[in-house]
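Student: This is the structure, below, for whatever I ask next.
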Amino acid sequence: MTKPKVSRLKDVASAAEVSVGSASRILRGDTGPFRSETIDRVLNAAKRLDWRRNLLVSGMQTGQTQTVGVLVPPRDSFWNSVLSGIHSQLAESDFLPITVWLGHSDGAPPFEDDDEKGVELINRLLDRRVQGLIAWPQIYCAYRKYFNNVVAKNTPIVVIDLYEDNLFGDSVVSADSELSAEAAEHLLQLGHRHFGCFSAERDVHSHDWSAVRERAFREAVNQVPNTSVQTVRLDITGEGYQEAEQLLSLPQRPTAIFALTDHLAAAIYKVAGQMNLKIPEELSVVGFSDLDYAAKLSPALTTIHQQPRLIGQKAADLVLSRIRETEERRTRFQLHEVGGWLEVRDSTGPPANQ
């Protein structure tokens, strides 16, 4: 079978009876110096010949590859929606995401054992001359020194879900403080006074959002007299069942629990069922994320609804704005918050003794 001929720029120029340089400028959108008839001839010839711009050659000539490296795994419905937002926003600007991640999509790898593999992934993106990077917080923190080197090469970075003060790039986060306080207010208004807080693990690969959520929840509760908050934190290697049992076995068992992720809320559900504790009659539970299964739990989980697609879109917006900046117009790194709301369902109610 004969391979179909690929139209070249000089074919378009010949068909339109213009020079290659003129055809190139018109097809790049630089139409100012040309008459409308000339522009029409070039565009019609390109369409008739099914000509497509060779971005590889264009990138070599201009250094503009129109690509962004995305180091974000499709770990759950939250991150899938983040990726969707990144993709749609980049596509609108004619940019293409190159998405890579470490490990399996259903869990984070042991980063400390994967230094060479992580550096290899980052370098593969840089070797392809991506114009910017969007990173998962665990990946950024695990390979901080390599990302700092990227900044020195003037490749902009946006990290999602990271509050770090010395971040070498922009960050997009949920409005964690405001939303966690809203969860506390909901439970307080129901009459709860003894709370449990099930916190995510703390590690060098950054779950600093958990500290923000925990602190805001505790501060909101402590504004009301005669209240208490007891906290347990997930072991980095565990699934949360042991810690959930610890929280539900305290001498003064909480009547309401704020789980800092829906994954942790699901662990509370399982252990509460094993202990014959009814939700919400004997225990109210609030999660955080509104993952795809939250409304399908029994009872349906009251949880904080984040806006992951909007988070992804904002991350893409930030990296594109950095790519378009000149050195003279470069602004300080930004921390951008994306709002959300409390989605009240069936897992919260008044305490049993009320």
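Student: Got at least one residue in the stretch 238-250 being open to solvent by 90 Å² or more (accessible area, probe 1.4 Å), over 19 Å from Ala294 (Cα atoms) and touching a residue at least 24 places away in the same chain (Cβ under 8 Å)?
Tutor: Yes, because at least one residue in the stretch 238-250 is open to solvent by 90 Å² or more (accessible area, probe 1.4 Å), over 19 Å from Ala294 (Cα atoms) and touching a residue at least 24 places away in the same chain (Cβ under 8 Å).
Student: Here's something else I'd like to know. Can you name the number of the only condition in (1) closer than 15 Å to Thr303 by Cα; (2) at pLDDT 95 or above that Arg193 fails?
Tutor: The one condition Arg193 does not meet is (1).
Student: In this structure, does Lys278 turn out to be open to solvent by 40 Å² or more (accessible area, probe 1.4 Å), outside any strand (DSSP E or B) and closer than 22 Å to Phe95 by Cα?
Tutor: Values: open to solvent by 40 Å² or more (accessible area, probe 1.4 Å): yes; outside any strand (DSSP E or B): yes; closer than 22 Å to Phe95 by Cα: no.
Answer is no for this residue.
Student: If you go through the stretch 292-308 one residue at a time, how many are part of a helix (DSSP H, G or I) and crowded, with 18+ Cβ neighbours inside 10 Å? Break it down stepwise before answering.
Tutor: Residues of the stretch 292-308 that are part of a helix (DSSP H, G or I), as a first pass: 294-296, 308.
Now restrict to residues that are crowded, with 18+ Cβ neighbours inside 10 Å: 294, 308.
Counting residues in the stretch 292-308 that are part of a helix (DSSP H, G or I) and crowded, with 18+ Cβ neighbours inside 10 Å gives 2.
Student: Of the residues that sit in the stretch 232-268 and are of a type in the set (Ser, Thr, Tyr) and in a loop (DSSP other than H, G, I, E, B), which one is nearest to Ile304 (Cα to Cα)? Explain how you work it out, then say what you get.
Tutor: Restricting attention to the stretch 232-268, the residues satisfying the condition of being of a type in the set (Ser, Thr, Tyr) are 237, 241, 249, 255, 261.
If we keep only those that are in a loop (DSSP other than H, G, I, E, B) as well, we get 237, 249, 255, 261.
Working: Thr237: 25, Ser249: 26, Thr255: 19, Thr261: 9 Å.
The selected residue is Thr261.
Student: Just checking, how many residues over the stretch 261-275 are in contact with a strand residue (DSSP E or B) (Cβ under 7 Å, 6 or more places away or on another chain) and surrounded by fewer than 20 Cβ atoms within 10 Å (Cβ to Cβ)?
Tutor: Summing the residues that are in contact with a strand residue (DSSP E or B) (Cβ under 7 Å, 6 or more places away or on another chain) and surrounded by fewer than 20 Cβ atoms within 10 Å (Cβ to Cβ) in the stretch 261-275 gives 0.
Student: Looking at Asp170, Asp161, Asp235, Asp208, can you tell me which residue is over 30 Å from Gln313 (Cα atoms) and among the charged types (D, E, K, R)? I'd like the intermediate steps shown before the answer.
Tutor: Numbers: Asp170 fails: over 30 Å from Gln313 (Cα atoms); Asp161 fails: over 30 Å from Gln313 (Cα atoms); Asp208 fails: over 30 Å from Gln313 (Cα atoms).
Residue meeting the stated conditions: Asp235.
Student: Might you check whether a residue that is at pLDDT 85 or above, in contact with a Ser or Thr (Cβ under 7 Å, 6 or more places away or on another chain) and not polar (S, T, N, Q) occurs anywhere in the stretch 62-71?
Tutor: yes
Student: Condition first: open to solvent by 20 Å² or more (accessible area, probe 1.4 Å) and either modelled with pLDDT of 95 or more or among the acidic types (Asp, Glu) (or both). Now tell me which residues in the stretch 251-260 satisfy that. Talk me through it step by step, then tell me what you get.
Tutor: Let us first name the residues in the stretch 251-260 that are open to solvent by 20 Å² or more (accessible area, probe 1.4 Å), namely 251-253, 255.
Result: Thr255, single match.
Student: Take the conditions open to solvent by less than 40 Å² (accessible area, probe 1.4 Å) and under 30 Å from Asp165 (Cα atoms) and apply them to Ile311. Does it pass?
Tutor: Working: open to solvent by less than 40 Å² (accessible area, probe 1.4 Å): yes; under 30 Å from Asp165 (Cα atoms): yes.
Criteria met by Ile311.
Student: Right, His336: open to solvent by 10 Å² or more (accessible area, probe 1.4 Å) and either part of a strand (DSSP E or B) or in contact with a Cys (Cβ under 8 Å, 6 or more places away or on another chain) (or both) or not?
Tutor: Criteria met by His336.
Student: Are there any pairs, at least 6 apart or on different chains, whose C-beta atoms fall under 6 Å, with the first in the stretch 186-201 and farther than 12 Å from Leu247 by Cα and the second of a type in the set (A, V, I, L, M) and in a loop (DSSP other than H, G, I, E, B), and if so, which?
Tutor: Pairs found: Leu188/Val224; Ala200/Leu234; Ala200/Leu260; Glu201/Leu234; Glu201/Ile236.
Student: Would you point out which residue out of Ser289, Ser321, Ser284 is surrounded by 14 or more Cβ atoms within 10 Å (Cβ to Cβ), without any contact (Cβ under 8 Å) to a residue 12 or more places away in the chain and among the small types (Gly, Ala, Ser)?
Tutor: When all the criteria are applied, what remains is Ser321.
Student: Same structure, new question: Failed condition for Phe34, given (1) farther than 30 Å from Phe147 by Cα; (2) modelled with pLDDT of 85 or more; (3) buried (at least 19 other Cβ atoms within 10 Å of the Cβ); (4) of a type in the set (Phe, Trp, Tyr), with all others met?
Tutor: Checking Phe34 against (1) farther than 30 Å from Phe147 by Cα; (2) modelled with pLDDT of 85 or more; (3) buried (at least 19 other Cβ atoms within 10 Å of the Cβ); (4) of a type in the set (Phe, Trp, Tyr), the one that fails is (3).
Student: Let me ask something else about it. Read through the list (1) surrounded by fewer than 20 Cβ atoms within 10 Å (Cβ to Cβ); (2) at pLDDT 90 or above; (3) touching a Phe, Trp or Tyr at 6+ places or on another chain (Cβ under 9 Å); (4) not acidic (Asp, Glu), then give the number of the only condition that Leu9 fails.
Tutor: Every listed condition holds for Leu9 apart from (2).
Student: While we're on this one: Of Leu43, Leu83, Leu102, which residue is at pLDDT 75 or above and over 30 Å from Asn154 (Cα atoms)?
Tutor: Details: Leu83 fails: over 30 Å from Asn154 (Cα atoms); Leu102 fails: over 30 Å from Asn154 (Cα atoms).
When all the criteria are applied, what remains is Leu43.
The values are calculated or read from the model by the stated rules, or taken from the named source; none is laboratory data. What you see is a predicted model; the values in this text were computed from it and never measured. A quick note on method: Cβ atoms are made from the backbone with ideal geometry, for glycine too, and the neighbour counts reach across all protein chains shown. Note: accessible area is taken over every heavy atom of the protein model, side chains too, but ligands, DNA and RNA are not part of it. Shrake-Rupley method; radii C 1.70, N 1.55, O 1.52, S 1.80 Å.
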